[in-house]
Amino acid sequence: MIFSSPIALAGISSTMSVSYTGDTFQNVSGGVRRGNEYLDLLDITLNTDVELSKTWTLTAAVQGLYSNGNSISEELAGDIHILSNLDGGGAFTKLGQATVQLTSTAGSVLVGLYDINAEFDVLESANLFINSAHGIGNDIALTGENGPSIYPFYSFGVRAKFNIHNNQSIKVAILDAAPGSETSLNTPQPEFNSDEGFFTIAEYAYELQRSKLLLGVWQYSKDVETNNRQTKNMGAYARFEHQFNDQRTQAFVRIGYANEKANLHDWFIGTGISYTDPFNINENDIAGFAIAYVQRGERDDAERALTQPHETSFELTYLKNINEYFYLQPNVQYIENAGFENRHALALGVRLQVTF
């Protein structure tokens, strides 16, 4: 349920959304061990829009997050991809994103604690899938001291978006390179720290009626020391999605690269396909299948020699909408070379989400 309280005289309107998502998975074969885990995420977000003129709007957004901290990947599957995108590495009750954005017809500027994956490296067709690899690619997500500024660790930054034409845009963001706190999962870091350096990402988007193309590049300002030499930590990605003529089938593909000398992972490839209302029961039901592949980098030559060269995950899922507030999503995932080790993992689970 979304609460709205417009104040017409001042041109102000506010909305609050509350969602609770839970994943329960059982690892039935391979991985670290057999067993089951339940992890969850409570997300409360307040948005306030101030209409400054017919062409300018100021938006303030504040997000609160809670998670019980359980981990399917760490405790059961042992995978690198991170089997559930709710997995935040531990329990927390914390401030999530907190941003102020100024928007016009030409573009927008945003400042604050910011999740780059809210706008960068994201396609609608891939959002169906539970595995984290189909959110932001692992070639970006698994870099840096604590990853870039993505869930659940956000850093202070600035993002600018420029609308070139109706169907083209460019986004650029610069953020503190080490999001979150070294001592607490609950503590945000609302400042730039020059000692930690900066993370910069830029993305070009081209959209047609049924297709969308994303091209992105990123880089950390601080070099990485690996095998007694300094190297740049940078990469690039391309992402494409298309809706077929039946208007029920969507497919996406993504390829990304991170400097193999600076990271434990370099090449990433992901692809998936989804089909709406496969049983002609509910137009909001979706079935999908996706694959994600990540290749071992060269940052640690000694460890690389003892591990498998890649990890590949396969995901089959079905999102069943019960009503406008509640859905269930059965899910099956198989991971080959889980954790870059000579082992597999087979996990069966279901996601539930309630939105108020």
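Considering only residues of segment 120-134 that are open to solvent by 10 Å² or more (accessible area, probe 1.4 Å) and either of a type in the set (V, I, T) or at pLDDT 95 or above (or both), which is farthest from L175 (Cα to Cα)? Here the residue is L128. When each of K222, K232, K212 is tested for being basic (K, R) and surrounded by fewer than 16 Cβ atoms within 10 Å (Cβ to Cβ), the lone residue that passes is K232. Residue check: N282 meets all listed conditions (1) modelled with pLDDT under 95; (2) open to solvent by 50 Å² or more (accessible area, probe 1.4 Å); (3) over 30 Å from N227 (Cα atoms) but one, namely (2). State which residue is farthest from S104 (Cα to Cα) when the search covers only segment 34-56 and only residues that are assigned to a loop (DSSP other than H, G, I, E, B) and in contact (Cβ under 8 Å) with a residue 40 or more places away in the chain. Among them, the one singled out is R34.
For every residue, the table says whether it meets (1) of a type outside the set (S, T, N, Q); (2) modelled with pLDDT under 95; (3) closer than 30 Å to I269 by Cα.
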{"position": "W56", "(1), (2), (3)": "yes, yes, no"}
{"position": "L83", "(1), (2), (3)": "yes, no, yes"}
{"position": "K94", "(1), (2), (3)": "yes, yes, no"}
{"position": "A106", "(1), (2), (3)": "yes, yes, no"}
{"position": "I116", "(1), (2), (3)": "yes, no, yes"}
{"position": "A141", "(1), (2), (3)": "yes, yes, yes"}
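Candidates are the residues of segment 195-208 that are under 17 Å from N233 (Cβ atoms) and open to solvent by 40 Å² or more (accessible area, probe 1.4 Å); the one that is modelled with the highest pLDDT is T200. Of the conditions (1) surrounded by fewer than 17 Cβ atoms within 10 Å (Cβ to Cβ); (2) of a type in the set (D, E); (3) assigned to a strand (DSSP E or B), D246 clears all except one; give me its number. Of (1) surrounded by fewer than 17 Cβ atoms within 10 Å (Cβ to Cβ); (2) of a type in the set (D, E); (3) assigned to a strand (DSSP E or B), only one is false for D246: (3).
Scanning segment 42-93 for residues that are closer than 29 Å to P330 by Cβ and of a type in the set (D, E) yields D43, E74, E75, D79, D87.
Scanning segment 67-119 for residues that are under 17 Å from the mean Cα position of the chain (by Cα), of a type outside the set (V, I, T), under 17 Å from T24 (Cα atoms) and open to solvent by 40 Å² or more (accessible area, probe 1.4 Å) gives N85, G89. For A61, the conditions (1) at pLDDT 95 or above; (2) more than 26 Å from T21 (Cα to Cα) are fulfilled apart from (2). Of the residues that make up segment 289-296, is at least one at pLDDT below 90, closer than 18 Å to T143 by Cβ and surrounded by 15 or more Cβ atoms within 10 Å (Cβ to Cβ)? Yes: one or more hits. Looking only at residues of segment 142-159 that are open to solvent by less than 20 Å² (accessible area, probe 1.4 Å) and out of contact with any helix residue (DSSP H, G or I) (no Cβ under 7 Å at 6 or more places or on another chain), we find that the one that is nearest to E119 (Cα to Cα) is R159.
The values are calculated or read from the model by the stated rules, or taken from the named source; none is laboratory data. Just so you know, these numbers come straight off a predicted model, no measurement behind them. Neighbour counts run over all protein chains shown; Cβ positions are idealised from the backbone, glycine included. Only protein heavy atoms, including side chains, enter the accessible area calculation; ligands, DNA and RNA are left aside. Shrake-Rupley method; radii C 1.70, N 1.55, O 1.52, S 1.80 Å.
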